[in-house]
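Below is one structure, written out as structure tokens, with a few remarks after it.
The values are calculated or read from the model by the stated rules, or taken from the named source; none is laboratory data. Source: prediction; values computed, not measured. Here the Cβ positions follow ideal geometry from the backbone for every residue, glycine too, while neighbour counts run over all protein chains shown. Accessible surface areas use protein heavy atoms only, side chains included; no ligands, DNA or RNA. Shrake-Rupley method; radii C 1.70, N 1.55, O 1.52, S 1.80 Å.
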Amino acid sequence: VPEHVWRINLDTPEEAQQNLSFGAADRWWEQTDLTKLILASNKLQSLSEDVQLLPALTMLDVHDNQLTSLPSALGQLENLQKLDVSHNKLRSLPEELLQLPRLRSLLVQHNELSQLPEGLGQLLSLEELDVSNNQLTAIPTSFALLVNLVRLNLACNQLKELPADLSAMKSLRQLDCTKNYLETVPPKLATMASLEQLYLRKNKLRSLPELPSCKLLKELHAGENQIEILNAENLKQLSSLCVLELRDNKIKAVPEEITVLQKLERLDLANNDISRLPYTLGNLPQLKFLALEGNPLRTIRRDLLQKGTQELLKYLRSKIQDDGPGPNEEPPVTAMTLPSQSKVNIHAITTLKLLEYSDKQAAEIPGAVFDAVGAHPVATVNFSKNQLREIPPRLVELKDSVCDVSLGFNKISSISSELCLLQKLTHLDLRNNFLTALPEEMEALKRLHTINLAFNRFKVFPSVLYNLPALENILLSNNQVGSIDPVQLKGLDKLGTLDLQNNDLLQVPPELGNCENLRSLLLEGNPFRTPRAAVLAKGTAAVLEYLRSRIPS
């Protein structure tokens with residue numbers, strides 16, 4: 001680091017010596033001391049003790065260098081609020097660090113630390129502590145004193161247990177213990193009343209932790225463990241849960257009590273040993289994402305799993321009410337059934353308000369299918385898995401009642417104006433087609449809240465989507481979208497899910513972080529370099545916070 005950087009508060013800058021006409025008001029160097037110093041992403045192997053010449057520093061960022069130690073003079077920066085020494089080669093932290101009374105954020109992830117200073121609990125102002133990706137085998141008991149800590153990241157270390165004293169952290173909202181060697185979670189952790197997000201992925205847990213007092217817990221991530229049993233009692237305690245991620249475990253059964261999780265939005269049970277599901281799962285009112293692939297399910301056909309969450313939930317609900325042939329079964333041929341309609345499920349039209357002609361490899365929908373509707377109101381249309389090249393023109397006949405249209409897995413390359421007349425439409429599934437654009441007339445679909453455009457050929461984000469105020473879910477994965485407009489996205493204040501996985505995004509605009517209503521932002525599989533995979537892995541809230549931190553101030 002050049003010497004004059006350390007002396008910037010002491011020495012008169014060169015331009016002042018060359019130009020003597022500075023008035024008193026212009027002499028900025030006499031009025032302000034340096035408060036932020038960013039030396040990140042260089043090749044620094046050491047920091048000078050001269051850092052003490054900058055006593056007004058509130059932020060020091062030296063991440064991504066080659067530091068093996070830190071100067072003890074850091075302890076004299078009593079105004080320091082944020083210290084980022086992550087992505088270096090530190091083997092230890094100086095004891096003097098514990099003298100920083102105002103330190104709120106300490107980031108030391110991705111170093112070579114095998115232990116932390118025993119007195120770390122003295123940093124009473126600390127709100128954020130990230131010690132992930134080190135070689136820690138234990139946590140100092142003094143951690144219990146960090147009563148203002150909001151976020152604690154212990155991921156990717158070698159911890160075999162968590163100290164029960166962590167339960168004293170009354171402000172802790174986010175605890176990340178991913179990828180350690182934890183076999184149990186201390187029962188006392190259950191008293192952490194502020195906890196909202198708990199990450200326990202990639203450990204050695206055999207059961208779900210008991211968390212009776214964590215009334216605010218919204219996300220529990222416990223995938224890639226050795227959990228075999230879901231204890232009904234444990235589930236009952238998690239009434240606020242929105243995300244429950246249990247993929248890649250050894251769970252054999254899902255108890256009926258899972259339905260007490262009335263706020264659940266995402267349930268991931270992929271790659272377990274589940275053979276049957278409680279049909280009452282279909283009644284969870286907020287559930288938007290249910291992953292079940294990789295289970296030996298006997299009651300649910302594989303093609304149904306591939307149709308997505310809404311179809312699956314509909315099927316489960318239909319099993320609860322099972323009062324006649326299901327939507328996929330042929331009705332018995334009776335005198336009421338005309339020969340031309342024998343392929344149309346009249347029962348489904350009359351009782352389920354469902355018009356289905358799917359998986360027939362048809363190039364067009366036969367007129368008899370629409371004729372069979374008669375005066376019956378149809379709410380759901382499923383024409384998926386055919387060879388359709390255009391939107392069936394007669395779809396417009398159902399405009400007074402249809403709200404859910406599925407045209408996925410066809411060969412549709414453009415959207416005709418007929419579709420734009422279905423003004424009651426709330427769900428539109430167009431995945432796996434040949435679409436490159438959407439017509440502006442689609443802005444008439446003011447009630448549309450879910451649109452699935454995955455596996456198409458979009459190169460740009462369809463601008464008409466910005467004009468659909470009711471949109472809650474935009475699924476655009478596996479296209480070639482190169483950019484998004486964060487300002488227009490913020491206008492969609494109901495948007496909760498934005499799936500842009502496997503596109504061509506070269507950068508993620510920091511302003512996307514202002515879309516604070518997003519509960520699920522999926523960006524994996526794009527060529528951008530930041531945010532890094534490690535940030536993405538922490539989930540939507542962390543990604544949005546990271547993006548907000550990058551907005552130029």
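Would it be correct to say that GLY513 is open to solvent by less than 10 Å² (accessible area, probe 1.4 Å), in contact (Cβ under 8 Å) with a residue 40 or more places away in the chain and within 20 Å of the chain's Cα centre (by Cα)?
No.
May I ask you to list the residues in the range 279-309 that are within 23 Å of the chain's Cα centre (by Cα), modelled with pLDDT under 85 and open to solvent by 70 Å² or more (accessible area, probe 1.4 Å)?
The answer is GLN306, and nothing else.
Answer with yes or no whether LEU145 is under 15 Å from PRO117 (Cβ atoms), out of contact with any strand residue (DSSP E or B) (no Cβ under 9 Å at 6 or more places or on another chain) and open to solvent by 40 Å² or more (accessible area, probe 1.4 Å).
When the stated conditions are applied, LEU145 passes them.
Are any of the residues in the range 157-172 basic (Lys, Arg) and within 17 Å of LEU261 (Cβ to Cβ)?
For the range 157-172, residues basic (Lys, Arg) and within 17 Å of LEU261 (Cβ to Cβ): absent.
Pairs only if they're at least six apart or on different chains, beta carbon under 7 angstrom, first in the range 517-541 and under 20 Å from ASP64 (Cα atoms), second open to solvent by 60 Å² or more (accessible area, probe 1.4 Å); list them, first residue then second.
As it stands, the answer is PHE528/LEU506; PHE528/GLN507; LEU536/GLU524, since those pairs meet every condition given.
Quick check, is LEU149 modelled with pLDDT of 95 or more, out of contact with any His (no Cβ under 6 Å at 6 or more places or on another chain) and in a loop (DSSP other than H, G, I, E, B)?
yes
Could you look through the range 64-85, keep only residues that are of a type in the set (A, V, I, L, M) and part of a helix (DSSP H, G or I), and pick out the one that is surrounded by the fewest Cβ atoms within 10 Å (Cβ to Cβ)?
Applying the filter and picking the extreme gives ALA73.
Yes/no per residue for (1) hydroxyl-bearing (Ser, Thr, Tyr); (2) surrounded by 20 or more Cβ atoms within 10 Å (Cβ to Cβ); (3) modelled with pLDDT under 95:
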site	(1), (2), (3)
ASN88	no, yes, no
PRO101	no, no, yes
GLN109	no, yes, no
SER114	yes, no, no
LEU126	no, yes, no
LEU129	no, yes, no
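If only one of VAL487, VAL396 is over 22 Å from GLN306 (Cβ atoms), modelled with pLDDT under 95, open to solvent by 20 Å² or more (accessible area, probe 1.4 Å) and within 21 Å of the chain's Cα centre (by Cα), which one is it?
VAL487
Any chance the range 206-225 includes a residue that's surrounded by fewer than 20 Cβ atoms within 10 Å (Cβ to Cβ), among the hydroxyl-bearing types (Ser, Thr, Tyr) and part of a strand (DSSP E or B)?
The answer is yes, given that some residue of the range 206-225 is surrounded by fewer than 20 Cβ atoms within 10 Å (Cβ to Cβ), among the hydroxyl-bearing types (Ser, Thr, Tyr) and part of a strand (DSSP E or B).
Sort out which residues of the range 195-239 are within 22 Å of the chain's Cα centre (by Cα) and basic (Lys, Arg), and write them in order of number.
ARG201, LYS202, LYS215, LYS218
Taking the residues in the range 323-366 that are of a type in the set (A, V, I, L, M) and surrounded by fewer than 15 Cβ atoms within 10 Å (Cβ to Cβ) as candidates, determine which candidate is modelled with the highest pLDDT. Even if it seems obvious, please write down each step before you answer.
Let us first name the residues in the range 323-366 that are of a type in the set (A, V, I, L, M), namely 333, 335-336, 338, 344, 346, 348-349, 352, 354-355, 362-363, 365.
From what is left, the residues that are surrounded by fewer than 15 Cβ atoms within 10 Å (Cβ to Cβ) are 333, 335-336, 338, 363.
Working: VAL333: 34, ALA335: 32, MET336: 35, LEU338: 37, ALA363: 93.
Only one residue tops the list, namely ALA363.
For (1) of a type in the set (Asp, Glu); (2) open to solvent by less than 30 Å² (accessible area, probe 1.4 Å); (3) part of a loop (DSSP other than H, G, I, E, B), each residue gets a yes or a no:
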position: ALA155; (1), (2), (3): no, yes, yes
position: ASP165; (1), (2), (3): yes, no, no
position: ASN180; (1), (2), (3): no, yes, yes
position: THR184; (1), (2), (3): no, no, yes
position: ALA190; (1), (2), (3): no, yes, no
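Could you check the range 419-446 and list, in sequence order, the residues that are buried (at least 16 other Cβ atoms within 10 Å of the Cβ), out of contact with any His (no Cβ under 9 Å at 6 or more places or on another chain) and more than 19 Å from GLN387 (Cα to Cα)?
Step one: list which residues in the range 419-446 are buried (at least 16 other Cβ atoms within 10 Å of the Cβ), which gives 419-420, 422, 424-433, 435, 437-438, 442-445.
Remaining after also requiring out of contact with any His (no Cβ under 9 Å at 6 or more places or on another chain): 419-420, 422, 424-425, 428-433, 435, 437-438, 442-445.
Of everything in the range 419-446, those that are buried (at least 16 other Cβ atoms within 10 Å of the Cβ), out of contact with any His (no Cβ under 9 Å at 6 or more places or on another chain) and more than 19 Å from GLN387 (Cα to Cα) turn out to be CYS420, LEU422, LYS424, LEU425, ALA437, LEU438, MET442, GLU443, ALA444, LEU445.
Regarding the range 483-495, can at least one residue be identified that is part of a loop (DSSP other than H, G, I, E, B) and of a type in the set (Gly, Ala, Ser)? Give the steps one after another, and end with the answer.
As a first pass, look at the range 483-495 and keep what is part of a loop (DSSP other than H, G, I, E, B): 483-485, 491-495.
From what is left, the residues that are of a type in the set (Gly, Ala, Ser) are 483, 491.
Looking for residues that are part of a loop (DSSP other than H, G, I, E, B) and of a type in the set (Gly, Ala, Ser), one finds at least one in the range 483-495, hence yes.
Give the range 417-471 a look and list any residue that's aliphatic (A, V, I, L, M) and touching a Phe, Trp or Tyr at 6+ places or on another chain (Cβ under 8 Å), or say none.
The answer is LEU435, ALA437.
Could you tell me whether the range 532-541 includes any residue that is part of a loop (DSSP other than H, G, I, E, B) and open to solvent by 70 Å² or more (accessible area, probe 1.4 Å)? Please lay out each step first, then the result.
Start the filter on the range 532-541 by keeping residues that are part of a loop (DSSP other than H, G, I, E, B), which leaves 532, 537-539.
Narrowing the set further to residues that are open to solvent by 70 Å² or more (accessible area, probe 1.4 Å) leaves 532, 537.
Checking the range 532-541: at least one residue is part of a loop (DSSP other than H, G, I, E, B) and open to solvent by 70 Å² or more (accessible area, probe 1.4 Å).
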